[in-house]
Every structure is written in C-alpha cells, then in structure tokens.
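Structure record follows, encoded as structure tokens.
The values are calculated or read from the model by the stated rules, or taken from the named source; none is laboratory data. None of these values were measured; they are calculated from a predicted model. Heads up, the Cβs are rebuilt from the backbone with ideal geometry, glycines too, and the neighbour counts pull from every protein chain shown. With ligands, DNA and RNA removed, areas are computed over all heavy atoms of the protein, side chains included. Shrake-Rupley method; radii C 1.70, N 1.55, O 1.52, S 1.80 Å.
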Amino acid sequence: MTERTAPIRVLIAKPGLDGHDRGAKVLARGLRDEGFEVIYTGIRRTTEAIIAAAIEEDVDVVGCSILSGAHATLLPKVVAGLREAGAADVLVVAGGIIPEEDRVGLEAAGISAIFGPGSTIAEIAMYLRANVRRP
Amino acid sequence: MSDAPSPRGAALRSARELAQAISSVERGGAGADALIQEALAQLATATGPAARVIGVTGPPGAGKSTLVGALADRAREEGRRVAILAVDPSSAVSGGALLGDRVRVEERPDDDGRFMRSIATRGSGRSLSHAAAAASLLIEAAGFDLLFIETVGAGQADLGIVRLADLVLLVEGPEGGDEVQAMKAGLLESADLVVVNKGDRPGADRAVERLRSGLALGADAPEVLLTSATEGSGVTELLRALDAAALRRGRGGRVRRVAAHLAAAVEARAAERLRAAEADGRLEALARGITDGLRPLSGAVDELLQG
C-alpha cells in the first residue's frame, strides 16, 4: 500500500446529556487546522446516532467528548456498535473528564486513548496519525 | 463476523459498503472507475425512473441544512428513500475541513431509508467536490430515489452543481434578494426554484417580494416560495414544487451525472497538471521563454496540459 494521501476523517461526537461542547468545538477546529476532515455531530447524540454517523461518514476515528460521567456505559456501546457494523477498524478515542480509576476498564473495552483536560491539539493529532488503522 | 448480524447490523453493513465506495471515488484512480462502472451496470438493468438529484445552494446561514433535513423527513413520510450529500470547503492552508452539517439534521439511526454523507471539496478549489457526481451515481445504485446535494453557493459562475443536479434550489435568508442579489447573479440565474427560508423572521415576506420582482424581469422566472424549516411551514409545498419542476424540466438522469463526472475529472486533471508544472518549474520556464521572445505563446497551454 502506498502512502496515504486522503485526509484522515474524524467524527467528533458528544454522547449523553451534557451540553458543554466548547472543548469538542475547539478540538474540531484544531484538527481541521492539522489537516483532518472533521465531522462534527453536535450535542446530545445517542450512541446509535453516533455509530450510524460514523458508518455513513466512513471515518477513521470516532472521538467522544464526555463531561457527564456517563462514559463507563456510553463508550463501550460505541465500540460494540462499530464492531457489529463490521467497522472494528475504526479507532475510538475519548476526551473530557474521566477519572483515573475508570481508564483501565475503558481501555479493556476497546477505547484506544483517553485525552484529559491538559491534552494539546498537536498531541492528539500526532497520536491519531500514528494510530489510525486504515491505510 | 462469525455470528449472524442483527437486522440493525445488516443495515449498517450495507450503509458501510456505500460509505466506503464514496471514500474510494473521493480518492480517485482505477478503483474508483471500477466502482462507477459497476454502479452504472447495475442501474442499466434497474426498472423504474432514475433518481432525482436536487442541488441545494445559497449563502451561509440561510438555513440550507435544516431545510434539507426537513425536506428529507417529509419525503421519508412519503416512503421515498432519501440521501443527503453535504459539501463543505476544504481549507486551502491545511487541507483539512470542518464538516458540520449533521448538527442541523435530525439523526434517525434506525431508518435505513436515509443516508447522509459529508464531503469536503478537497482539491477542487470550488464549492463542489470533484467526487460529487460519482458519489451521486453510487448513491442511486444503492437504491436511493431522491438525493439532495447541499453546497455553499460561492456566487460568481461557480456552477458545478448546475451541471450535476436535475434541479437547483436556491435558499435565501430573510435578508436575501438585495445587495446579495448582484453578487449571486450567477446562481439566481440558474436556479430552478428559489425559497426564502426562516419565514418566521421579520422581513421574510419582503424578501420574497424583492426576489419575485427582481426575477420577473427575466424570461422563465423561477417560482419563489417561503418556508420556515424550524417550524416546518411550507416544507410540504416546497417538496411538491420541486417534484413538479423536475417533471416540467424532464431533463437530467444518469447521462447528466456521468457528463458531470467527466467534466469534474477533466478539471481535476488540468488542475493536477498545472500544480505539477508549477512545482517543477516548467510553468515558469515556459513563461520566461515566451516573455523573452524565444518561443511562441501559441501551443504553450497544450504543452502544460500534456504534462
């Protein structure tokens, strides 16, 4: 396979009920400036809607921003739904406020990376470029 | 993969197949050509009318996405299979893009009679992606009979959508039709139907009047309608008017979309050749030769296009 020329596509989603999307918007804008194609879905999306959007948009990465504390149930559902759709090669990452003790469980459930409040856009972009699973 | 997928899983898998095919035509190349040919072969044996492709354009903030979402909902109620292709510009600097049209469209994850895809313009340098025509053929072959293609109208003679769509709907906000009109002359002239959206806002009625009187000066003036996508008013009437206008025109169909695809491919090829000639200095060398009288101007363009 030759070197990838098409931009990496990222879905930025906000599952759950919290309406704080500033972080998600900053990330969406920042990744655009890093050369990614960012599909932003808006707030309060169900996991089913996020999975369907990820499939239709044929993204390489789903990034879920969560501040509501519901990550433990929502994120594994996204991973499971993508697998059911035959899209296990889509990278699922999370951002927001996720307690340290929950990380191991989320990683076991297939969440590839968790970016806390101190993460920079450059750091996230570098991680995604190095880890997308599709050529 | 081992266990049988649920009905939901099966629907997602077929959406995935279409989504990946669209990505492939976005990348271009031999794989893309094969997919388009395959779609055309499949459509050649299909019975029933060709899909209807409606271009939706207009200035940012006029409420195009919300209106398209409302039109899609209404068409679904009539049992039509509906797809939306939302095109947004790529950054010329980073090559990235922020595709935000899904924010304005209600997600209906359980409905496999709908499909929505956001695409960036990538290298086209225009308001339409080079891949839009090819994507429209793939979407049609996947069994969708109504496709909305939404683009930001760049004004001027940026009429790629006119080439591709069976019908062009121009969406204006309640302040439309004024100074904007001069700027958007290109699009207004080629719109088959004009709608003033956000009809619940003050001034919308006057915008309709302005547009009607402005358009009445030309022959074959398009109809001007009023909608409020957020309140749902006028949407049924608009869908009916679009269907009627499509029947009146009777143009379009697959040949039009294949022609649009070829035209886009020619533009892409030319742009690619130009970039290459800029990058390796041939453009400048040619220009220097012409400037110094060492070679004729005529033939220079052909030379650049041949690469």
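Compute the distance in nm between two label points, each set 7 Å from the Cα along the Cα-to-Cβ direction, one at B:GLU17 and one at B:ALA50. Rounded to a tenth, the inter-label distance reads 2.4 nm.
The listed residues B:ARG80, A:ARG133 rank as A:ARG133, B:ARG80 when sorted by accessible area, largest first, using a 1.4 Å probe.
Under a model in which nothing but the beta-carbon of Lys, Arg (+1) and Asp, Glu (-1) is charged, the range B:1-131 shows a dipole of about 280 debye around its Cα centre. On a per residue basis, the range A:9-130 carries 39 Å² of accessible surface, using protein heavy atoms and a 1.4 Å probe. Near A:ILE39, the amide H atoms lying under 5 Å from its own belong to A:VAL10, A:LEU11, A:ILE12, B:LEU99; only residues 5 or more places off or on other chains count, and H is placed 1.01 Å from N. If you add up the charges near A:ARG9, with Lys and Arg at +1 and Asp and Glu at -1, over every other residue whose beta carbon is less than 9 angstrom from its beta carbon, what do you get? Charge balance near A:ARG9 sits at -4.
Sorting B:85-92, A:113-120, B:188-195 by their mean Cβ neighbour count within 10 Å, with the most densely packed peptide first, gives B:188-195, B:85-92, A:113-120. For B:ARG212 and B:GLU78, a Förster radius of 30 Å and the Cβ-Cβ distance give a FRET efficiency of 0.60, rounded to the nearest 0.05. Just checking the listed ones, A:PRO99, A:PRO76, A:PRO15: in the Gaussian network model of chain A with Cα springs under 10 Å, the one fluctuating most is A:PRO99.
What whole-number volume per residue, in cubic angstrom, does the convex hull of the C-alpha atoms of the range B:47-126 give?
Enclosed volume per residue, from the Cα hull, is 125 Å³.
Both radii are taken from the alpha-carbon atoms of the protein assembly as shown; with Rh as the Kirkwood radius, Rg/Rh is 0.99. Please label the shape of the range A:9-130 as rounded, prolate or oblate, based on the square roots a ≥ b ≥ c of the eigenvalues of the alpha-carbon gyration tensor (a/c under 1.5 means rounded; beyond that, a/b larger than b/c means prolate, else oblate). Rounded, because the longest to shortest axis ratio a/c is under 1.5. Inter-chain neighbour count for A:29-38: the average number of beta-carbon atoms from partner chains within 10 Å of each residue's beta-carbon is 6.
One Cα centroid belongs to the range B:87-162, the other to the range A:68-135; the line between them spans 27 Å.
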